[in-house]
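The values are calculated or read from the model by the stated rules, or taken from the named source; none is laboratory data. This is a predicted model, so every value here is computed, not measured. FYI the Cβ positions are ideal-geometry reconstructions off the backbone, even for glycines, and counts take in every protein chain you see. The area values use the complete protein model at the heavy-atom level, side chains included, leaving out ligands, DNA and RNA. Shrake-Rupley method; radii C 1.70, N 1.55, O 1.52, S 1.80 Å.
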Amino acid sequence: MNLVNPPSLVLNGVEFDFDAGLLHGEHGEDVPLRPQSLAVLKHLVANANRVVT
């Protein structure tokens with residue numbers, strides 16, 4: 001998986017769909033993310049093995 005631009009990431013049953021900008025909950029419900037929240041999440045995933053300040 002390309003960690004710089006992954007299409008999605010599943011963690012504890014919640015899928016982060018970076019292309020759509022949505023969270024898909026455990027029961028299939030869509031939770032939209034605000035643009036800044038999506039940008040921060042993408043940044044954290046891209047820098048998973050680094051300290052981010």
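Structure data summary
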{"quantity": "Residue that is surrounded by the most Cβ atoms within 10 Å (Cβ to Cβ) [pool: residues in region 20-34 that are part of a loop (DSSP other than H, G, I, E, B) and out of contact with any helix residue (DSSP H, G or I) (no Cβ under 9 Å at 6 or more places or on another chain)]", "calculated": "Ala20"}
{"quantity": "Every residue from region 35-53 that is free of Cβ contacts under 8 Å to residues at least 12 places away in the same chain and in a loop (DSSP other than H, G, I, E, B)", "calculated": "Asn47, Asn49, Arg50, Val51, Val52, Thr53"}
{"quantity": "Test: residue in region 7-18 that is more than 9 Å from the chain's Cα centre (by Cα), on the phi > 0 side of the Ramachandran plot and at pLDDT 85 or above", "calculated": "yes"}
{"quantity": "So Asp17, is it touching a strand residue (DSSP E or B) at 6+ places or on another chain (Cβ under 8 Å) and open to solvent by 60 Å² or more (accessible area, probe 1.4 Å)", "calculated": "no"}
